[in-house]
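First the structure, in the form of structure tokens, and then the observations on it.
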């Protein structure tokens, strides 16, 4: 098999490991056109965005439609500490091992991070140490503008909703109709193409002479009659701005006191982000954007973006965003960065189109490694039941990333809090805590095996881990049914530190034999689907609030009950209670509310309160971020 | 002189003139790298953004520092009707004539349009007919992300302001200090570099041992004590969203009832846009962004972005936006698109850096044609007194675009309203109305001659104009002191329709002999400067509201009185009253309020109410905008 080795870069690894930005800046990336060349992509297959980023055009997938896919590997994790257990870093490190040391064709498929946390508390998300996507500043800032396009599209739709209500309130049916579809000089009417969809939805056939439309037909067409209380569409911004969590709009002197309480979410929480991640083609994206539901009419009918006449314009705003962005790892292997939906109110996985293109490009014997957000209880479950269901793609292997630190926490170790020093228990050997905590790992393994994949456990090693502790994890993983369990040091050593993981993943893919299974079929009731997922968490039952009951009834009545379920649950426990570590069981899962992203294609029950707009701390990351005016390089990005 | 003729494209002109998007789609643009090649730019000088756009790097200006500039031409207009008189179209048409028919090296420097109006009522802004910048959809949508970068930077700063007030309210001086500058393990403190600027501003020298800082010094450093009532920094969005004109933020349960009334402006109204347009280098942009004033402390001291610790992060967000975007006209001449500040609350001119780069690239005997927003009373005045003052560049020629239609309005013709059919007076010959209206043109000519440039009048001809009407305009223009006055048909014929204009502009540049003059010096008082501008409008005096008096006093006390003045006045009259057509005189100019953009570098008095957030009509443009799924092309963009 031909390899892509000509772009491979040898790393000079330092110890102790320098900061992420220093490592990233120490390497001169290859021109991204060199990476594209190595993939046999010609300049017609991609658009450059500067020297180190390119958008790979969807047409590549069409051209390669008849080629065979490579192996499809998903990286998930155990229930993490608030510090994170290195899932992105492991995803990148595994790819560097497969590409730079094991001579495989390999693609990393990864999410675009939100800019909000980059300037807030979290810093960047390009991996870490010697396993990173570069240039890391370009990865973390703007990238190729996809999130900005989502913000623009989301907020155009939001403006359209309030303005439509405003105009409907002051105009008669006839005036409204005449403004929406003005009379031309020749007596015809200017119906926009998108309006024909609404006529069709309403079952009104436009008569040859538009003057024959009845007043009732005109009213039904022209008056969306949106119930302001029912609006679920929020404005968004890619900034951590807590003061926008609840606001009142429409207080200007010309808005006729049509005040409305609403909020801003962070942009990655927009349904348009979820659409981008789950769409399969430009035509499919046009459909999904058009059928997004923004609220109900006062009669209880769902109102869509196409009812507002805006589905086409949203697609135009998103037409470049649908193409994934090609970048590279520190060791010169190719990366596709694309989409980054929330992992709670959405499904937390990078895009289907990126995975599809990558699977064709690596071809038989090659590997596509894609990451699922949060712990495997949420991330892998949604990867399988939502993303793979929509894509039709079948994974052969799931990698579950574990750390001794997190396992100690699950075994009863003291609370881990971001920004506070770690307790002694985490910095010295404590085999007992690790052993006790492995129930969490075991449950993630057995849960993930349900889907018919081989599970490989990657123990992301820290310098404070002892051999005895690491051995315990390996033994527990194998006992729980893992295909293999290996220790990795890719943070400190790059791909070299994940060679054993790479070999295990290759073997797991080659020897995978089961058919893929879903956790639930689509044609059962919303509650049955929720129960199936709750059981997988360890729950013995589900409890619904009145609001949740009402919503389930409404969505069922509206014909949306066939959609998959996207649980909005904490990542810090299998249960709804973040302080329940390990593998809790016997609990009743409470569903506070149920919402839907109809265009993206899922129902999302809320298990507890989900914040969709982070805040800034007293000293946000932005204090340290600046340009070195002598070199033009970004400093202070972590 | 070597020319750039190898990229010139011959147009096949149809009659009647097709729609703008149809004309734009009928031409296959050259790869932008071909345009760059023709300019002798190597791939190190620019970054591609897809096939038809490239960002030209600022380093080009540094490399060419010692070369001689070409001729510098500004295009302004008479007082327009609400339909616009074709200033952008004339700018592009003139360049197509100079480049494609007169063998000159020529660059068009033009503003990036806001996406809000594109989806609202106005449509695109790439010129029109056979004088356009292409691809027009890419020009009007996203471009290379500069406005998105401005939105992101503006809103990060906005979030930082409210969050800082929030954190200060709940923390003691010491706790605040410890969080802002945490203690390291070795006993040192983590001062961010930007914090040193604040210590310096406060006159506090950090003692060798930071523990020797006095409680008073700690308080003064850590507590910005922003007066919420004084905040002038608004959030922005590049969408026409009237419901954000006045809002209340901070109503979430965790924001401690720190409600605040504020608003969103459209993104192009952000001071950061004005900074981008007026900056001259990366280091200068870093300074300007850092010194932007967002409000006052309760003691009345101005609080800057650098006081908030965010100037560096804003620069990082804007580091690519500082590079202008290279595109092309329909006839293959090069265009730089860069910045698009509001023409009322800001100065309404494209960027200094684009003009500087273009002047070096065309070199001696070449032409840079740049457009000034609104009528010449505002656009040309600000071009001269603000933009040229900051750039040090000297124009040789000003083109004033006039139409018979607008002159008839100034001569007493009926009101012209967008969206309503034109009155008969505008569609048939009426020499008397034209003659009477020429006072408006004459005043713009004499006002513009003050700056020491030759003035060429371009009459943008419509099919309904009669020869007698056109002759009247020419005669009046010459009588008012124009260097030349010519009839142009570039909308219908492309560059060929502006050959005579091109020859006149060349002659005006070659024969310009006066030194450049400003309307006012900087070292007089704010009121004296305002009076100088008011006089140029025809006013005999200026009247200040109490609020305006208070603000002038405050800015003077704060040391900002040396800045140039940027009048926020209607473009529909020389006076403050849009219904006063022609050349009104003897009026008193009322100043309602006075504000400042300290980072951008100007004081802006408000003459009447300026809307900084447009709305959407009942049938916005977005109804017709869609993707043709068969070709992938945008349809319905006007």
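The values are calculated or read from the model by the stated rules, or taken from the named source; none is laboratory data. Computed from a prediction, not measured in an experiment: that's the story for all the values here. Note: ideal-geometry Cβ built from the backbone for every residue, glycine included; neighbour counts use all protein chains shown.
Look through segment B:166-209, keep the residues that are under 35 Å from the mean Cα position of the chain (by Cα) and more than 9 Å from chain A (Cβ to nearest Cβ), and return whichever of them is farthest from residue A:625 (Cα to Cα).
So, considering only residues that are under 35 Å from the mean Cα position of the chain (by Cα) and more than 9 Å from chain A (Cβ to nearest Cβ), the one farthest from residue A:625 (Cα to Cα) is B:202.
Does segment B:112-129 include one or more residues that are more than 12 Å from chain A (Cβ to nearest Cβ), in contact with a strand residue (DSSP E or B) (Cβ under 8 Å, 6 or more places away or on another chain) and within 21 Å of residue B:38 (Cα to Cα)?
No.
Are any residues in segment B:587-619 farther than 25 Å from residue B:232 by Cα and more than 7 Å from chain A (Cβ to nearest Cβ), and if so, which ones?
B:587, B:588, B:617 - these are the residues of segment B:587-619 that are farther than 25 Å from residue B:232 by Cα and more than 7 Å from chain A (Cβ to nearest Cβ).
Tell me, which strands (runs of 3 or more DSSP E) lie completely within segment B:502-599 with 3 or more residues that are closer than 30 Å to residue B:486 by Cα, at pLDDT 95 or above and in contact with a helix residue (DSSP H, G or I) (Cβ under 6 Å, 6 or more places away or on another chain)?
By residue number, no strands (runs of 3 or more DSSP E) qualify.
Look at residue A:632 and say whether it is more than 14 Å from chain B (Cβ to nearest Cβ) and modelled with pLDDT under 95.
No; evaluated as a whole, the condition is false for this residue.
Scan segment B:234-247 residue by residue and report those that are facing another protein chain (nearest Cβ under 9 Å) and in contact with a strand residue (DSSP E or B) (Cβ under 6 Å, 6 or more places away or on another chain).
B:235, B:237, B:243, B:244, B:247
Looking for whichever is in a strand (DSSP E or B) and either at pLDDT below 95 or within 28 Å of residue B:121 (Cβ to Cβ) (or both) here; the options are B:458, B:492. Which one fits?
Going through B:458, B:492 in turn, the sole match is B:458.
So which of B:348, B:365 ends up being in contact with a strand residue (DSSP E or B) (Cβ under 7 Å, 6 or more places away or on another chain) and on the phi > 0 side of the Ramachandran plot?
Just one listed residue meets the conditions, B:348.
Taking residue B:46 as meeting all but one of (1) surrounded by fewer than 17 Cβ atoms within 10 Å (Cβ to Cβ); (2) under 26 Å from residue B:124 (Cβ atoms); (3) within 24 Å of the chain's Cα centre (by Cα), write down the number of the exception.
Unmet for residue B:46, out of (1) surrounded by fewer than 17 Cβ atoms within 10 Å (Cβ to Cβ); (2) under 26 Å from residue B:124 (Cβ atoms); (3) within 24 Å of the chain's Cα centre (by Cα): (1).
Just wondering, is there one or more residues in segment A:81-94 that are touching a helix residue (DSSP H, G or I) at 6+ places or on another chain (Cβ under 6 Å), over 18 Å from residue A:498 (Cα atoms) and outside any helix (DSSP H, G or I)?
Scanning segment A:81-94, I find at least one residue that is touching a helix residue (DSSP H, G or I) at 6+ places or on another chain (Cβ under 6 Å), over 18 Å from residue A:498 (Cα atoms) and outside any helix (DSSP H, G or I), so the answer is yes.
If you take the residues of segment A:106-144 that are part of a helix (DSSP H, G or I) and in contact with a helix residue (DSSP H, G or I) (Cβ under 7 Å, 6 or more places away or on another chain), which of them is surrounded by the most Cβ atoms within 10 Å (Cβ to Cβ)?
This residue is A:119.
Rundown of residues vs (1) buried (at least 22 other Cβ atoms within 10 Å of the Cβ); (2) within 30 Å of residue A:385 (Cα to Cα); (3) in the same structural domain as residue A:482 (by the TED database); (4) free of Cβ contacts under 8 Å to residues at least 12 places away in the same chain, yes/no style:
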{"residue": "A:409", "(1), (2), (3), (4)": "yes, yes, yes, no"}
{"residue": "A:428", "(1), (2), (3), (4)": "no, no, yes, no"}
{"residue": "A:431", "(1), (2), (3), (4)": "no, no, yes, no"}
{"residue": "A:435", "(1), (2), (3), (4)": "no, no, yes, no"}
{"residue": "A:438", "(1), (2), (3), (4)": "yes, yes, yes, no"}
{"residue": "A:442", "(1), (2), (3), (4)": "no, yes, yes, no"}
{"residue": "A:449", "(1), (2), (3), (4)": "no, yes, yes, no"}
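Can you confirm whether segment B:518-527 contains a residue that is under 20 Å from residue B:446 (Cα atoms) and touching a strand residue (DSSP E or B) at 6+ places or on another chain (Cβ under 7 Å)?
Within segment B:518-527 (the criterion being under 20 Å from residue B:446 (Cα atoms) and touching a strand residue (DSSP E or B) at 6+ places or on another chain (Cβ under 7 Å)), the answer is no, since none of the residues qualifies.
Give the residues of segment B:138-159 that are in contact with a strand residue (DSSP E or B) (Cβ under 9 Å, 6 or more places away or on another chain), at the interface with another protein chain (Cβ under 8 Å from one of its Cβ atoms) and farther than 30 Å from residue B:28 by Cβ, sorted by residue number.
Within segment B:138-159, B:151, B:152, B:155, B:158, B:159 qualify.
Confirm whether residue A:57 is touching a helix residue (DSSP H, G or I) at 6+ places or on another chain (Cβ under 7 Å), within 30 Å of residue A:583 (Cβ to Cβ) and surrounded by 16 or more Cβ atoms within 10 Å (Cβ to Cβ).
Here the answer is no, as residue A:57 does not meet what is asked.
Please go through segment A:205-244 and pick out each residue that is at pLDDT 95 or above, touching a helix residue (DSSP H, G or I) at 6+ places or on another chain (Cβ under 8 Å) and in a loop (DSSP other than H, G, I, E, B).
A:223, A:224, A:225, A:231, A:233, A:234, A:238, A:239, A:240, A:241
Might you let me know whether segment B:174-185 holds any residue that is at pLDDT 95 or above, out of contact with any helix residue (DSSP H, G or I) (no Cβ under 8 Å at 6 or more places or on another chain) and surrounded by fewer than 17 Cβ atoms within 10 Å (Cβ to Cβ)?
Looking for residues that are at pLDDT 95 or above, out of contact with any helix residue (DSSP H, G or I) (no Cβ under 8 Å at 6 or more places or on another chain) and surrounded by fewer than 17 Cβ atoms within 10 Å (Cβ to Cβ), one finds at least one in segment B:174-185, hence yes.
Of all residues in segment B:248-281 being within 12 Å of chain A (Cβ to nearest Cβ) and crowded, with 24+ Cβ neighbours inside 10 Å, which is farthest from residue B:391 (Cα to Cα)?
If we take residues in segment B:248-281 being within 12 Å of chain A (Cβ to nearest Cβ) and crowded, with 24+ Cβ neighbours inside 10 Å, then B:249 is farthest from residue B:391 (Cα to Cα).
Considering only segment B:220-233, I want to know if a residue exists there that is under 30 Å from residue A:317 (Cα atoms), within 13 Å of chain A (Cβ to nearest Cβ) and within 35 Å of the chain's Cα centre (by Cα).
yes
Whether any residue in segment B:286-293 is facing chain A (nearest Cβ under 10 Å) and within 20 Å of residue A:142 (Cα to Cα) is what I want to check.
The answer is yes, given that some residue of segment B:286-293 is facing chain A (nearest Cβ under 10 Å) and within 20 Å of residue A:142 (Cα to Cα).
Name every residue in segment A:62-80 that is surrounded by fewer than 23 Cβ atoms within 10 Å (Cβ to Cβ) and not in a loop (DSSP other than H, G, I, E, B), in order of residue number.
A:62, A:63
Specify which of the listed residues (B:382, B:387) is under 28 Å from residue B:602 (Cβ atoms), part of a helix (DSSP H, G or I) and out of contact with any helix residue (DSSP H, G or I) (no Cβ under 8 Å at 6 or more places or on another chain).
B:382
Taking only segment A:600-622 into account, find how many residues are part of a helix (DSSP H, G or I) and either surrounded by fewer than 24 Cβ atoms within 10 Å (Cβ to Cβ) or in contact with a strand residue (DSSP E or B) (Cβ under 9 Å, 6 or more places away or on another chain) (or both).
Looking only at that region, the number is 1.
For segment A:304-319, what are the residues that are more than 19 Å from residue B:136 (Cβ to Cβ) and more than 7 Å from chain B (Cβ to nearest Cβ)?
A:304, A:305, A:306, A:307, A:308, A:311, A:314
Going through segment B:29-41 one residue at a time, which ones are within 14 Å of chain A (Cβ to nearest Cβ) and out of contact with any helix residue (DSSP H, G or I) (no Cβ under 8 Å at 6 or more places or on another chain)?
B:29, B:31, B:32
Being in a helix (DSSP H, G or I), touching a strand residue (DSSP E or B) at 6+ places or on another chain (Cβ under 7 Å), over 15 Å from residue A:91 (Cβ atoms) and assigned by the TED database to the domain that holds residue A:458: is that true of residue A:360 here?
no
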